[in-house]
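Visitor: This is the structure I want to talk about, given as structure tokens.
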Amino acid sequence: MAKKVTKIGVLTSGGDSPGMNAAIRAVVRTGNYYGLEVFGIMRGYSGIIDNDIVPMHSRSVANIIQRGGTILKTARCKEFFTPEGRQKAYNNLKKLGIDGLVIIGGDGSFRGADIFSREFDIPCIGLPGTIDKDIAGTDFTIGFDTAVNTAVEAIDKIRDTADAHDRLFIIEVMGRDAGYIALHSGIATGAEHILIPERKTDIEELVASLQEKERRKKLVNMVVVAEGDEFGGANEVAKVVKERLPTTDTRVCILGHIQRGGSPTCLDRLIASRMGYAAVESLLEGRHNVMVGILNNRMHYTLLERAVKSKQKISEEWIKIVKILAS
Ligand code: ADP
């Protein structure tokens, strides 16, 4: 029989993503609904180590569902990588009587949670908060929909100017290890080429294709490249393209951090609310060390240990769709 949780902590860790606030709100209000004491932990794992932990109530999370970023702040915490740091964190939780944690973050944060909960027997529930959508065991991650819609809006605008001047634009979107933002925003904006880390980039093939387009007098072209593409980002791709196609008017645009900010979309608010609620229910039901996900419109629980090992794969069908629709 699992220990009954009475006091829980919630934190946001690693890279921020829009919708984290909606998830915090759901955790706090669901916790309160079930009579739990809920604490907000500031700046990820640093807040546990530094004892920067504040009680939260229904009103503490008023008027945040629509806000990007995270009211709890987020951080990368080196000390949590060390056994001494985690021991300090445990001592602080123990002093406050916190007996369950909800961690909103990416796979790095889940790795930390997995190690911590094994060492100290503190049930940890992970919520996938990442714009990269690179986590297996869930169809959605909190923030992806907002980030990809921001990218779509920006790329649409760039296409207008590309069209006016007959230009080739090479646009870099976020995604150090995962190409989901590039793939989805590229398809949704009708990009002619999409370069992602999951596929080897054949730069010669790209140049040949652009040359062929030039011959056909198709001069407006958009190449969407994920920042982590193995060939390189937009600047590296543009360098080769400019050398090989000197008469083409080639421009680079790196979208950067605008993709992380902004008001979360309806979808991100909904999944964050649903996952936050499910995280508290999971703790009450005695679930340990799982990530809450949504698969085929049902809640799905993946052991943190497994969640950090497997990445969401990009299906071959998507790649085929890109080829057919961009031709
Ligand atoms: P994300 O959660 O966005 O993937 P990071 O990979 O930067 O972000 O991880 C966030 C934090 O999680 C790290 O700064 C660290 O505090 C903690 N963490 C990550 N990996 C480990 C690990 N192997 N052991 C302990 N803590 C970790």
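Visitor: Mind running the shape call on the chain? Use the C-alpha gyration tensor, a ≥ b ≥ c as the square roots of the eigenvalues: rounded below 1.5 for a/c, prolate if a/b tops b/c, oblate otherwise.
Guide: Since a/c reaches 1.5 and a/b is larger than b/c, the shape of the chain is classed as prolate.
Visitor: Counting other beta carbons within 10 Å of each residue's own, what order do 242, 94 fall into, fewest first?
Guide: Placing the least packed residue first, the sequence is 94, 242.
Visitor: Right, next: Sorted by average packing, counted as other Cβ atoms within 10 angstrom per residue and highest first, what order do 208-219, 13-24, 189-200 take?
Guide: 13-24, 189-200, 208-219
Visitor: Additional query: Around residue 263, which amide H atoms from residues at least 5 apart in sequence, or from another chain, sit under 5 Å from its own amide H, with H modelled in the peptide plane?
Guide: It is 68, by chain and number.
Visitor: What's the angle, to the nearest 10 degrees (0 to 90), between helix 20-33's Cα axis and the longest principal axis of the chain?
Guide: Tilt of helix 20-33: around 20 degrees.
Visitor: Could you sort 273-282, 162-171, 59-68 so that the peptide with the highest average Cβ count within 10 Å comes first and the rest follow in order?
Guide: Peptide ranking by packing, descending: 273-282, 162-171, 59-68.
Visitor: Give the cross-link partners of residue 133 among the lysines, using a straight C-alpha distance below 27 Å as the criterion and excluding same-chain residues fewer than 8 apart.
Guide: 73, 78, 157, 200, 309, 311, 313, 320, 323
Visitor: If you count the DSSP beta bridges with both ends in the chain, what percent of them are antiparallel, to the nearest 5?
Guide: Close to 25 percent.
Visitor: Same structure again: Just check segment 43-193 against the gyration tensor rule for me: Cα atoms, a ≥ b ≥ c as the square roots of the eigenvalues, rounded for a/c under 1.5, and otherwise prolate or oblate depending on whether a/b exceeds b/c.
Guide: It is prolate, given that a/c is not under 1.5 and a/b is the larger ratio.
Visitor: Still on this structure, I have one more. Taking amide H atoms as placed 1.01 Å from N in the peptide plane, list the residues 5 or more away in sequence, or in a different chain, whose amide H sits under 5 Å from that of residue 175.
Guide: Residues meeting the criterion, in which the H sits 1.01 Å from N, are 227, 228.
Visitor: Follow-up. Could you derive backbone 3J(HN,Hα) for segment 223-230 from the dihedral phi with the Karplus parameters 6.51, -1.76 and 1.60 (θ = phi - 60°), listing whole Hz in sequence and x where the residue is Gly or Pro?
Guide: With the stated coefficients, segment 223-230 comes to 10, 9, 10, 6, 4, x, 4, 5 Hz.
Visitor: What relative contact order, as a whole-number percentage, does segment 145-260 give when Cα pairs under 8 Å and 6 or more residues apart are counted?
Guide: It rounds to 39 percent for segment 145-260.
Visitor: I would also like to ask the following. Label points 7 Å out from Cα along the Cβ direction at residue 120 and residue 297: separation in nm?
Guide: Distance between label points: 4.1 nm.
Visitor: Another one. Dipole magnitude of segment 145-260 about its Cα centre, charges +1 at Lys/Arg Cβ and -1 at Asp/Glu Cβ only, in debye to the nearest 20?
Guide: It comes to approximately 320 debye.
Visitor: Can you give the helix-only mean residue ellipticity at 222 nm for the chain, where every DSSP H stretch with n ≥ 4 adds -39500 (n - 2.57) and the sum goes over all residues, rounded to the nearest 500 deg cm²/dmol?
Guide: It comes out at -13000 deg cm²/dmol, rounded to the nearest 500.
Visitor: Ok, one more. With a ≥ b ≥ c the root eigenvalues of the C-alpha gyration tensor of segment 145-260, is it rounded (a/c under 1.5), prolate (a/b larger than b/c) or oblate?
Guide: oblate
Visitor: I've got another one for you. Express as a percent, rounded to the nearest 5, the fraction of DSSP beta bridges in segment 1-120 (both residues included) that run antiparallel.
Guide: If we restrict to bridges inside segment 1-120, about 30 percent are antiparallel.
Visitor: Which whole-number percent is the relative contact order of the chain (Cα, under 8 Å, 6+ apart)?
Guide: After rounding, I find 24 percent.
Visitor: Take 81, 116, 144 and order them by how many other Cβ atoms sit within 10 Å, fewest up front.
Guide: Ascending number of Cβ neighbours within 10 Å: 81, 116, 144.
Visitor: Follow-up. Could you give me the ³J(HN,Hα) list for segment 133-150, computed from phi with Karplus coefficients 6.51, -1.76, 1.60 and θ = phi - 60°, whole Hz, x at Gly and Pro?
Guide: 6, 9, 9, 6, x, 7, 7, 10, 10, 5, x, 4, 4, 5, 4, 6, 5, 4
Visitor: Give me 45, 33, 301 sorted ascending by neighbouring Cβ count inside 10 Å, so fewest comes first.
Guide: Ascending number of Cβ neighbours within 10 Å: 33, 301, 45.
Every read-out reported here was derived from the displayed coordinates using simple, explicitly stated rules and does not represent laboratory data. Note that the structure is a prediction, hence the values are computed from the model and not measured. Note that each Cβ is placed from the backbone with ideal geometry, even for glycine, and that neighbours are counted across all protein chains shown.
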